[in-house]
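Asks: There's a structure below that I have some questions on.
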Amino acid sequence: MGQEFSYFCYRCGRENRLNLPMPNAPDYHHTNLACKNCGDGTHILVSHCPKCSRYVYWINDMSIPSLVESFARYMVHNMQALIDKAAMQGSSISIDTPHVYPIQATCPCGEKITVNLPIPDMD
Ligand SMILES: [Zn+2]
Ligand SMILES: [Zn+2]
């Protein structure tokens, strides 16, 4: 289910073509890319519109799933501090942590696409 994808390197401007798996949203494919010309590394997250043949993608120096994960760790750490404090005061809080972090895009065909990034279980 690969599809040809091309992007222009942010550092040297050279076009890179490659074949990437592009699962239909809310699934996605995330991978590291290295420019064939200068070796500059970047991350891509790509997903396919379920309604048409187009795809949407995000290119970033940082790995978006890693950002979600480190943010989730930060949140859980802070929630735990709150929960401990409540326990010392004799009350209890229960918090449901979400399991996915949705990111949204609109396809040129008008379809709203949501990609669900998994949030790792921090318990
Ligand atoms: Zn390059
Ligand atoms: Zn579409």
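Asks: Largest first, how would SER63, SER92, SER6 line up by accessible area (1.4 Å probe)?
Replies: So, going from the largest accessible area down, we get SER92, SER6, SER63.
Asks: Accessible area per residue of the stretch 2-118 at 1.4 Å probe, in Å²? Walk me through the intermediate numbers first.
Replies: Working: 7490 Å² over 117 residues.
Per-residue value: 64 Å².
Asks: In whole percent, and with a 1.4 Å probe on the protein chains, what portion of the accessible area of the chain is carbon and sulfur?
Replies: On the chain, the fraction of accessible area on carbon and sulfur atoms equals 51 percent.
Asks: Round to the nearest 0.05 the FRET efficiency obtained for GLN80 and THR114 when R0 = 41 Å and r is the Cβ-Cβ distance. Walk me through the numbers on the way to the answer.
Replies: Working: r = 29 Å, r/R0 = 0.70.
So, using R0 = 41 Å, E works out to roughly 0.90.
Asks: Now a separate question. Can you tell me the mean projection area, over all orientations, of the convex hull of the stretch 58-123's alpha carbons? Units nm², please.
Replies: Reported value for the Cα convex hull: 5.7 nm².
Asks: Name the residues whose placed amide hydrogens come within less than 5 Å of the amide hydrogen of MET22, ignoring near sequence neighbours (fewer than 5 apart) on the same chain.
Replies: Excluding prolines and chain starts, which carry no amide H, the hits are GLN3.
Asks: Roughly what angle does helix 64-88 make with the longest principal axis of the chain, taking Cα atoms, 0 to 90 degrees, to the nearest 10?
Replies: On a 0 to 90 degree scale, this one is about 0.
Asks: With springs only between Cα atoms under 10 Å apart, run a GNM on the chain and tell me which of TYR55, TYR28, TYR74 wobbles the most.
Replies: TYR74
Asks: For the pair VAL100 and ASN32, what calculated FRET efficiency results from E = 1/(1 + (r/R0)^6), where r is the Cβ-Cβ distance and R0 = 25 Å, to the nearest 0.05?
Replies: 0.65
Asks: How many nm is it between the label spots at ILE93 and CYS12, if each spot is 7 Å from the Cα in line with the beta carbon?
Replies: Going by the 7 Å Cα→Cβ label model, 5.1 nm.
Asks: Choose one answer from ASP96, ASP61, ASP40: the residue with the largest mean-square fluctuation in a GNM of the chain with alpha-carbon springs under 10 Å.
Replies: Comparing ASP96, ASP61, ASP40 in the GNM, the peak value goes to ASP96.
Asks: Let me ask something additional. Using the Kirkwood radius built from alpha carbon pairs, what does the Stokes-Einstein equation give as D for the chain at 4 °C and 1.567 mPa s, in µm² per second?
Replies: Calculated translational D: 77 µm²/s.
The values are calculated or read from the model by the stated rules, or taken from the named source; none is laboratory data. Because the structure is a prediction, the values reported are computed rather than measured. Every residue, glycine as well, gets a Cβ built from its backbone with ideal geometry; the counts of neighbours run over all protein chains shown. Ligands, DNA and RNA are excluded from the accessible area calculation, which covers all protein heavy atoms including side chains. Shrake-Rupley method; radii C 1.70, N 1.55, O 1.52, S 1.80 Å.
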